[in-house]
2 protein chains.
Amino acid sequence: MTPAPGSPGDVLTLISAGSATTRSDLARLTGLARSTISQRVDALIESGLVQETESGESTGGRPPRQLRLHTDGHAFAGVDVGATHCRVALMDISGEVLAECEDPLLVTEGPETVLAHVDTRLDLLLAEAGRPRSALRALGMGVPGPVEFATGRPNNPPIMPGWNDYPIPEHFEDCVVLVDNDVNVMALGEHRNAFPGTSHLLFVKVGTGIGCGIVAEGRLHRGAQGSAGDIGHIRVSGHDDAGCRCGNSACLEAVAGGAALARRLTELGVPAATGADVVALVQAGDTLALRLVREAGRHIGEVLAGLVNFFNPEVIVIGGVLSRVHEHLLAGIRETIYRRSLPLATHHLSIVPSRTGEDAAALGAGLLAIEHYLSPDNINKLVNA
Amino acid sequence: MTPAPGSPGDVLTLISAGSATTRSDLARLTGLARSTISQRVDALIESGLVQETESGESTGGRPPRQLRLHTDGHAFAGVDVGATHCRVALMDISGEVLAECEDPLLVTEGPETVLAHVDTRLDLLLAEAGRPRSALRALGMGVPGPVEFATGRPNNPPIMPGWNDYPIPEHFEDCVVLVDNDVNVMALGEHRNAFPGTSHLLFVKVGTGIGCGIVAEGRLHRGAQGSAGDIGHIRVSGHDDAGCRCGNSACLEAVAGGAALARRLTELGVPAATGADVVALVQAGDTLALRLVREAGRHIGEVLAGLVNFFNPEVIVIGGVLSRVHEHLLAGIRETIYRRSLPLATHHLSIVPSRTGEDAAALGAGLLAIEHYLSPDNINKLVNA
DNA sequence: TATCTTCCGCCGATCATCGAACAAAGAGGG
DNA sequence: CCCTCTTTGTTCGATGATCGGCGGAAGATA
């Protein structure tokens, strides 16, 4: 129902969002009677979803008992499957990280190998956190390629041989599994962690390739085929000679991606193989590398300028390996966006480096799982059962 | 509340969407008891929102009484304020047009003049439809510039002198007024009218300038400052000599907009002043005009190819004056999009000319008003009162 | 210590919803 | 033509959820 939001799920949403920490808050926000709220809260405590902590500050009368998510007894996992690494984070229901690990692992080893690895790490982390496997409620996973979100199957991922159409969720039988593109979960992680108040955010990952996660109205926009945000193959002007692996030329990725920068540096006599090498050179003070990074920033900025006009975000977050030298990358990006976008769209626009860093992906994947579990529909089912 | 959707507003939503036409349908869809549904329907009939029409087809038992929106007693207005015209449509609550008119009118005359004109037209149309002014429940308006949707005030519109920050809703005291950008309401009109099933749609208006309305998850995306969709100033490659009124160069609008095409034709010895002139020349068989339009299509396609990668829509609709020669414009657009966008994104993508035509804007503006009035929140308020 | 304020649980009153029973209206069959 | 079956719609008592007042709890203030 639309009016008088007051189901157990809605009540929990208010608690988990931090909008309400006491029964009085809940009564005021929902419009329900205090007695009704008490009943709801009792049910949520009964289900092990909420706990009471000792009194809070008094405002002149009896101090209210604080309510918060019950962080024991449940566990959620966020998995970041990268091209060459695998990171697993174990989180409690509030989004706090309980334990975390990262290992080098090639996604090209195929789904069975990678998912088996995730499984063993999961057991280790659960042991470390002192929770049984049965406490695991949901698992979110980000993978480096397009995914059909509804089914959790990769959709012709270019750099994940053997994964096409593989039903990832079926590998984990006893818990809900949500799979999404890695950039999407990074965007989610960054949004929830650093910019919870904003409605429209773009997260741009500048690594070997270039991708973008889109948060619209606070929710991920995946598009019709789940391929939204694939900005690496948008054309930039003046580089028709730059051939791309996709078969076209002048793609953003072929001009400003980490791999492209490394290749260009190598051609110019400074050996570099990956985006990380480029970053290292910049940090070492190599002026050529620095110039290339700034130029890359301008090219990225050209594409983003168009997207700012189109999408009108409040925040653009720059992440990925190349953002380690963000002071140089951002200079070019900002310069170009402010020159090429409309004043109305840029006036309140922030362009910032990622604040969440390395584990934005694992964190975002975990949050995907947690938010699914905490959705009012799901909670109402749990409480009634 | 989230579970068991069954407030009067939700019931009406099902009726107005055509998902349910009988009480039984409603009981089945909402999960509520038949008696409860009857009670809800009675309340809606009482409020004048729903009417019963005589029996439907029997399926072996008593034939159900059909329910539909009560189309008498209410009226809604959709106003399309263009640069040089003003169109007003009077609609009933089901979205059917009762009466309509269009007059030449310069938006540069300023808000008082234009809104006074709207007022007189409104009275004429109401008289024509035989409804009193008091029947007017809500009014939607599309204007050729950015608008702060929440307040209904134009936000530094470049071609609407005197309108900046003018509080349009205050001019119509006795009814709710919603103001939006013209391209947004066109997108809404086209979506509701021709593609109600799709989630993600782009409506591209190619007229004097070039703009884009965005439908995401079935709702308009307006962006942080309400300036989303302003694609006319996205850079196209290889035209750094084309200066734009915005101060930059190589803007899509300056290369492929109707005004730019007319100017270019004139330079080449074929006099043309506006986009309409260009269309006329193409229709008269002028090969030069035709070549320019095709070329414009390719430039628009280049920008749209990027947006397809970014946004991943299901449908792109081409409207505006230039779409009158859409067979030529679309050829270039399709060619470029299919060449420059990712296969995953283009595989299920339709690129089609507007099916709604001239009054997409007035229609969309009216629908904006109607959908606001029919929103569950508003209906619940009405029924309880 | 007395009083005030706020918080929280208890409990009877109230209200919305349900579901069974019944009436209505047509289909189909003998 | 009449009888039975099916589906629809309404009526009404039963049920269960919500409300709001009351009183106890717990701290602030004086």
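The values are calculated or read from the model by the stated rules, or taken from the named source; none is laboratory data. The structure presented is a predicted model; accordingly, all values stated were derived computationally and were not measured. Virtual Cβ from ideal backbone geometry, glycine too; neighbours counted across all protein chains shown. Surface areas here come from the heavy atoms of the whole protein model, side chains and all, with no ligands, DNA or RNA. Shrake-Rupley method; radii C 1.70, N 1.55, O 1.52, S 1.80 Å.
For this structure, a couple of remarks:
- Per-copy distances of the B:H348 label point, shortest first, in nm (7 angstrom along Cα→Cβ): 3.4
- 7 Å along Cα→Cβ, label-point gaps from A:G162 to other copies, nm, shortest first: 7.2
- In summary, no lysines lie within cross-link reach of B:K205, defined as a Cα separation below 21 angstrom excluding same-chain residues under 8 places away.
- Accessible surface of the protein assembly as shown [probe 1.4 Å, protein heavy atoms]: carbon and sulfur percent: 49 percent
- Local electrostatic count at A:M186 - Lys and Arg +1, Asp and Glu -1, tallied over other residues with Cβ under 13 Å: -2
- Vicinal HN-Hα couplings computed from phi for region A:363-369 (Karplus, 6.51 cos²θ - 1.76 cosθ + 1.60; Hz; Gly/Pro x): 4, x, 4, x, 5, 4, 5
- Protein accessible surface hidden between A and B, which excludes ligands and nucleic acids, total in Å², probe 1.4 Å: 4500 Å²
- Solvent-accessible heavy-atom area per residue, rounded to whole Å², over region A:8-69 at 1.4 Å: 55 Å²
- Largest to smallest accessible area among A:H348, A:H191 [probe 1.4 Å]: A:H348, A:H191
- Compared with the dominant Cα axis of chain A, that is its longest principal axis, helix A:182-194 is turned about 60°.
- Averaged over the residues of peptide B:234-241, the number of Cβ atoms from other protein chains lying within 10 Å of each residue's Cβ is 5.
- Computed FRET value (nearest 0.05) for A:S58 with A:D377, which takes r as the C-beta separation and R₀ as 45 Å: 0.75
- Computed from backbone phi, the HN-Hα couplings of region B:370-378 come to 5, 5, 5, 5, 8, 4, x, 3, 5 Hz, rounded to whole numbers (Karplus: 6.51 cos²θ - 1.76 cosθ + 1.60, θ = phi - 60°; Gly and Pro given as x).
- Teacher prompt: A:R34 distances to equivalent labels in other copies, 7 Å Cα→Cβ, nm: 4.4
- Per-residue SASA entry for A:K381, accessible area with 1.4 Å probe, Å² rounded to 10: 140 Å²
- Across region A:16-26, rounded Karplus estimates of 3J(HN,Hα) from the backbone phi angles (6.51 cos²θ - 1.76 cosθ + 1.60, θ = phi - 60°) give 6, 7, x, 5, 9, 10, 9, 4, 4, 3, 4 Hz, Gly and Pro being marked x.
- Minimum 40 Å² accessible area buried by the other protein chains, region A:308-351 residues, probe 1.4 Å, relative to alone: A:N309, A:F310, A:F311, A:N312, A:R340, A:L342, A:L344
- Classification of chain B by its C-alpha gyration tensor yields a prolate form. The axis ratio a/c (a ≥ b ≥ c) is 1.5 or more, and a/b outweighs b/c.
- The charge dipole of the protein assembly as shown, taken about its Cα centre with unit charges on the Cβ of Lys, Arg, Asp and Glu (plus for the first two, minus for the last two), comes to roughly 120 debye.
- For the protein assembly as shown: rounded, prolate or oblate by the Cα gyration tensor [a/c cutoff 1.5]: oblate
- Relative to the longest principal axis of the Cα atoms of chain A, helix A:258-267 runs at roughly 20 degrees.
- If R0 is 51 Å, the Cβ-Cβ spacing of A:E46 and B:A385 corresponds to a FRET efficiency of close to 0.85.
- Bridge type composition, chain B - antiparallel percent by DSSP, nearest 5: 60 percent
- Counting only protein heavy atoms and a 1.4 Å probe, region B:126-252 has 36 square angstrom of accessible area per residue.
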